[in-house]
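Below is one structure, written out as structure tokens; comments come after it.
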Amino acid sequence: MLQVHPVPAFQDNYLWVLEANGRAAVVDPGDAAPIEAFLSERHLPLAAILATHHHADHVGGLLQLAQHWKCPVFGPRGEAITGLTQKLAEGDAIVVPGLDLPLSILDVPGHTRGHIAYTGDGVAFVGDTLFACGCGRLFEGTPAQMTSSLAKIARLPGHTRAYCAHEYTMSNIRFAETVEPGNAKLAARKTRDAARRARGEPTVPSTIAEELETNPFLRCEEPEVIASAERHAGHKLADAVAVFAEIRAWKNNF
């Protein structure tokens, strides 16, 4: 039985530790120290490291962990990450060593050029592509790329739990309310997630079904989202990519 544990790091990161068969793997280890502490506390050996993209808060602890545990390191073929032992791209599939966990790879560029996601039975490790009620900034990619990447993730089964890498949910919800104030599912999500934060609990993972109902970046063909984006832009927008580009630029300065 797979268990997935959030290990907080930095200001708002989650480093995800996967546990099965008495072994662990870590997704996006931006810092080695909290991972080592977690493994020690639970008496778990580290069997594998998985990276989604090259940003330092996702790979900063990768080499230290790999050297200590002598374990394989998986990551995107399209990015320069020191220490990778197996480079992956869409169409590839792996079985996480020691955990017997099969995962398939999606190319999800937009936040970075070579960003990948790991998807399996009921789980998706999406890095900084999809956030709970939001999405990553476009540091290296284009609106068209990110729209396509989000669409790939959105096509996963609705019950799939999406494990993103940051606790941005409440600020994302505040923006989503501005874009789509008439969304009753969004209002219910705000109440539920605010209660989680008040208890000191993570708001993630969320499910794909929940994101489809409440995340404006997955709802760029909904009339209220289009209308809000066009009001903000001051003109008509040609298509869903243009709507996405407008609300992403809006969120950058929100």
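Taken together, the values in this text are just the output of simple stated rules run on the coordinates, not laboratory data. Every value quoted in this text rests on a predicted model; they were computed, and no experiment measured them. Because the Cβ atoms are built from the backbone with ideal geometry, glycine has one as well, and the counts that use them run over all protein chains shown.
Output the qualifying pairs, or none if there are none: Cβ atoms under 8 angstrom, residues six or more apart or on different chains, first residue in the stretch 135-148 and under 15 Å from ASN215 (Cβ atoms) and in contact (Cβ under 8 Å) with a residue 24 or more places away in the chain, second residue outside any loop (DSSP other than H, G, I, E, B) and of a type in the set (Gly, Ala, Ser). Every condition considered, the pairs that remain are GLY136/GLY127; THR147/ALA240.
Being buried (at least 16 other Cβ atoms within 10 Å of the Cβ) and assigned to a loop (DSSP other than H, G, I, E, B) is the filter here, so list the residues in the stretch 221-250 that pass it. Answer for the stretch 221-250, where residues must be buried (at least 16 other Cβ atoms within 10 Å of the Cβ) and assigned to a loop (DSSP other than H, G, I, E, B): GLU222, LEU237.
Scan the stretch 217-239 and give yes if some residue there is small (Gly, Ala, Ser) and touching a residue at least 60 places away in the same chain (Cβ under 8 Å), otherwise no. Looking through the stretch 217-239, none of the residues is small (Gly, Ala, Ser) and touching a residue at least 60 places away in the same chain (Cβ under 8 Å). Reported count of residues in the stretch 127-177, each being among the β-branched types (Val, Ile, Thr) and part of a helix (DSSP H, G or I), is 4.
Take the stretch 20-55 and flag every residue that is outside any helix (DSSP H, G or I), among the acidic types (Asp, Glu) and without any contact (Cβ under 8 Å) to a residue 60 or more places away in the chain. Even if it seems obvious, please write down each step before you answer.
Taking the stretch 20-55 as the starting set, the residues that turn out to be outside any helix (DSSP H, G or I) are 20-31, 43-55.
Next, only the ones that are among the acidic types (Asp, Glu) stay: 28, 31.
Correct list: ASP31 only.
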